[in-house]
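This report refers to the structure that appears directly beneath it.
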Amino acid sequence: MSNDDDFSALVGDVTRLKHSGRKYSSQTSVKDPANLALRRASATAIAKQAAALGDEGLALIGSEEKLEYYRSGLDRATRRRLQQGHFSPAHNIDLHGYSIENARDKVWQALQIARQHHVRCILIVHGKAGSGYRDEQGNLQNIGTAPIKSHVNHWLRQVNDVMAFCSAQPRDGGTGAIYVLLKKPVKESD
């Protein structure tokens, strides 16, 4: 008994559809040069913007050190609400296990997603990593410092959309995470 016979026995009288001869492709091929140029330009623009998060002037921060940054003009009540975790983060990213470069890309992507979806607050879990790292000779360096945390602190200060950030409440990661408050989205007129 074949599979067709088994199927017919279960379902009943069935006839096969005729093969149409159509070929389906999962990839769409767009040959329009203007469209291709636009896609290339937007891809390189994103890469250039991400690269704008530079490391010049970076200072390493202790793994247990609290982070705090506020742009001028941000009122005291909003600062306090952010510090106390009253803003509900709409987007979370976890940078554990990422290299510095991959963390930079992940932070940039999170900021872009937040901007697109009109998100006001995100949570970035950068970790503490106070155990340091081994240099080429195998010696431990920067014990007690947190490289990813230091870089995130440095990068976020460079982004105009970031109004403030501070270390999270213990329930959200404490000194191993930060709340990031972004500019209010611009209201679109009808």
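The values are calculated or read from the model by the stated rules, or taken from the named source; none is laboratory data. For clarity, every value in this text was computed on a predicted model and none was experimentally measured. When we count neighbours, we look across all protein chains shown, and the Cβ atoms used for this are built from the backbone with ideal geometry, even at glycine.
Quick look at the numbers
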quantity: Filter result (of a type in the set (F, W, Y) and modelled with pLDDT of 90 or more) within the stretch 84-134; calculated: F87, W108
quantity: Criterion: more than 23 Å from P185 (Cα to Cα) and of a type in the set (V, I, T) - qualifying residue of I113, I93, I148; calculated: I148
quantity: In the stretch 107-130, the residues that are surrounded by fewer than 17 Cβ atoms within 10 Å (Cβ to Cβ) and assigned to a helix (DSSP H, G or I); calculated: Q109, Q112, I113, R115, Q116
quantity: Residue under evaluation S72, criteria (1) of a type in the set (G, A, S); (2) modelled with pLDDT of 90 or more; (3) surrounded by fewer than 13 Cβ atoms within 10 Å (Cβ to Cβ); (4) under 15 Å from G176 (Cα atoms), criterion not met; calculated: (4)
quantity: Output for the stretch 156-174, where each listed residue is within 17 Å of S63 (Cα to Cα) and in contact with a Gly (Cβ under 9 Å, 6 or more places away or on another chain); calculated: S167, A168, Q169, D172, G173
quantity: Within the stretch 154-174, tally of residues that are of a type outside the set (D, E, K, R), under 17 Å from A114 (Cβ atoms), part of a loop (DSSP other than H, G, I, E, B) and touching a residue at least 24 places away in the same chain (Cβ under 8 Å); calculated: 3
quantity: Residue list for the stretch 77-104, restricted to those being of a type in the set (D, E, K, R) and under 17 Å from L58 (Cα atoms); calculated: E101, R104
quantity: Some residue of the stretch 140-156 being at pLDDT 90 or above and surrounded by fewer than 17 Cβ atoms within 10 Å (Cβ to Cβ); calculated: no
quantity: Check on R81, among the basic types (K, R), surrounded by 15 or more Cβ atoms within 10 Å (Cβ to Cβ), modelled with pLDDT of 90 or more and more than 21 Å from T175 (Cβ to Cβ); calculated: no
